[in-house]
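Below: one structure, written as structure tokens.
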Amino acid sequence: MNQKVGIDLIHFATSDFFLGLDVYAAQKNEDYDKFKIGIGQEKMSIAPPDEDVITLAAKAAQPILAQINPAEISSIYFATESGVDQSKSAAAFVHGLLGLPNRCRAIEIKHACYAGAAALQMAVNAVKANPSEKVLVIASDIARYDLDTSGEATQGCGAVAMLIAANPRILEIEPGSGYFTEDVMDFWRPNYRETALVDGKYSTKVYLNSLKQAWTHFEENTGRTFADIDYFCYHIPFTKMAEKAHKQLVKHTKTKQDSAQTQAQTIASQIYNREIGNSYSASLFIGFCSLMDNQPDLADKRVSFFSYGSGCVAEFFSGKMVAGYENYLMTASHQQQINQRKPLTYQQYLDFYHNSECPKQDIEFEVYHQGPFRLTGIQDQKRNYARTANNS
Ligand code: HMG
């Protein structure tokens, strides 16, 4: 019999601050509806200078570790586009910050937003090969574009931690998937840049073409059809992109569907992302948390996942929700984090934006956020992290 492997526990983290797109629109002399309706975004989570992908990742993983024996984790796969070091993996930083045992592998995985799905699939295969292993997959990103570019309104930040194990309690990842790679320049970030470059309109076209290609491969590989899927999760750079993706898939598969059916299959997975913004590699899985936290009665339902990473690599795969999954969700923490964020003025956002640029000399950061882990400073070109007083 095929060994069941998948997501045993999942929790996400975001920052303590947001910039409202109403504030952003007023600053840029734009109509707020362009963002609220046109791209489907209302807020973007903004990281202060003492928060980075490491502290967000540790904040996402900590409640999972509190429920298991951390010595059981055989590997950490850390997916990110916004890593902090060209050599040392973000996974090793998090391993230290979380105080994990030394008998553990720790690596970083990159391909823009696709890396989270890549890490998940690699973890599933590792556990299938050795069912006694448990892999901690973390996807963590801070989306940053240049000021006054089309991408600026689609920034955000978040991290998702997932424990991948045999006989999972939340989602069983099904065998078989569809994947697609094409060497294109729709979004990229050369090593010397802290912000991404994007050919915005082109990137949306490449995303939609990749969806068609990955879907066709998925159908061929698995024999599953559109009608076999109950809920659809897409990579969400902005929620209107997921709406366009679903419309594209309905058309491509020649499915007859009215807008109520479309909404029922997709809206619950978009609620959190509308408030958080793009979190690159984490965004698809924050969408999955949004689906589970906002849509009841998912037991035994099939959920599909479309991961898209610019550049580009895409994958379409599916999973089955496990009966009793609702007993293991961390909905209260997700909602509390989103609701307790503090609004920023445009000037405060600019201050965070510029102070988060990588300093070339020693620096001690002020305390900006109340999360359980902080980036305290950089000395001798080494990043220093600490647990805070709010670390339970
Ligand atoms: P833009 O030029 O700011 O906006 O760029 P626009 O003028 O195209 O307007 C956007 C939509 O709002 C349009 O609707 C307008 O009609 C509508 P659409 O034609 O798309 O259906 N609109 C309004 N609606 C209501 N009331 C109004 C109003 N005004 C306009 N008053 C763009 C949009 C997506 C290009 C920009 O946001 C951008 O560059 N974003 C960054 C790139 C991006 O997110 N691409 C997505 C695909 S690539 C991807 O997902 C990978 C990524 O996550 C990175 C990774 O892989 O790591 C980015």
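All of the numbers you see were taken from the coordinates with simple rules; none came from a lab. All values derive from a computational prediction rather than experimental measurement. No Cβ is skipped: glycine too gets one built from the backbone with ideal geometry, and neighbour counts run over all protein chains shown.
When the helices in the chain are scored as -39500 (n - 2.57) per DSSP H run of 4 or longer and the sum is shared across all residues, what 222 nm value do you end up with, to the nearest 500 deg cm²/dmol?
Working: 11 runs with 125 residues, N = 392.
Here the helix-only value at 222 nm equals -9500 deg cm²/dmol.
Below 8 Å, C-alpha to C-alpha, sequence gap of six or more: please give me the relative contact order for the chain in percent. Please report the intermediate quantities before stating the final value.
Details: 903 pairs, mean separation 97.3, N = 392.
Relative contact order comes out at 25 percent.
Using only the Cα atoms, what convex hull volume per residue in Å³ does the chain have? Don't skip to the answer; put the middle values down first.
Working: hull volume 51.9 nm³, N = 392.
It comes to 132 Å³ per residue, whole-number rounded.
Which Rg and Dmax, in Å, describe the Cα atoms of segment 274-392?
Taking only Cα atoms of segment 274-392, I get Rg and Dmax of 18.9, 54 Å.
Would you tally the net charge around Pro372, using a Cβ to Cβ cut-off of less than 10 Å, leaving Pro372 out, and scoring K and R as +1, D and E as -1? Please list the in-between numbers first.
On the way: positive: Lys59, Arg374, Arg387; negative: none.
Neighbour charge sum, excluding Pro372 itself: +3.
For the pairs Lys59/Lys382; Lys88/Lys110; Lys240/Lys342; Lys88/Lys382; Lys36/Lys240; Lys34/Lys240, note any where the Cα-Cα span goes beyond 18 Å.
Numbers: Lys59/Lys382 21 Å; Lys88/Lys110 13 Å; Lys240/Lys342 25 Å; Lys88/Lys382 11 Å; Lys36/Lys240 10 Å; Lys34/Lys240 11 Å.
Checking Cα-Cα distances, Lys59/Lys382; Lys240/Lys342 exceed 18 Å.
State whether segment 91-244 is rounded, prolate or oblate according to the following rule on the C-alpha gyration tensor (a ≥ b ≥ c being the square roots of its eigenvalues): a/c under 1.5 gives rounded; otherwise a/b larger than b/c gives prolate, and the remaining case gives oblate. Mind dumping the intermediate values first?
On the way: a/c = 2.10, a/b = 1.15, b/c = 1.83.
Oblate, since a/c reaches 1.5 and b/c is not below a/b.
For segment 159-277, what does the alpha-carbon gyration tensor say about shape, rounded, prolate or oblate, given a ≥ b ≥ c as the root eigenvalues, a/c under 1.5 as rounded, and a/b over b/c as prolate? Please list the in-between numbers first.
Working: a/c = 1.42, a/b = 1.27, b/c = 1.12.
Judged from the Cα gyration tensor, segment 159-277 comes out rounded (a/c under 1.5).
What nm distance separates the two modelled labels at Ala323 and Ser87, each placed 7 Å from Cα along Cα→Cβ?
5.4
Taking the Cα centre of the chain as the origin, how large is its charge dipole in debye, to the nearest 20, when only Lys and Arg (+1) and Asp and Glu (-1) carry charge on their Cβ atoms?
On the way: 37 positive and 44 negative charges, 135 e Å.
With only Lys, Arg, Asp and Glu charged at Cβ, the dipole is about 640 debye.
Relative contact order for segment 46-198: what is it in percent, counting Cα pairs under 8 Å that are at least 6 residues apart? The partial results should precede the final answer.
Numbers: 239 pairs, mean separation 39.9, N = 153.
Rounded, it is 26 percent for segment 46-198.
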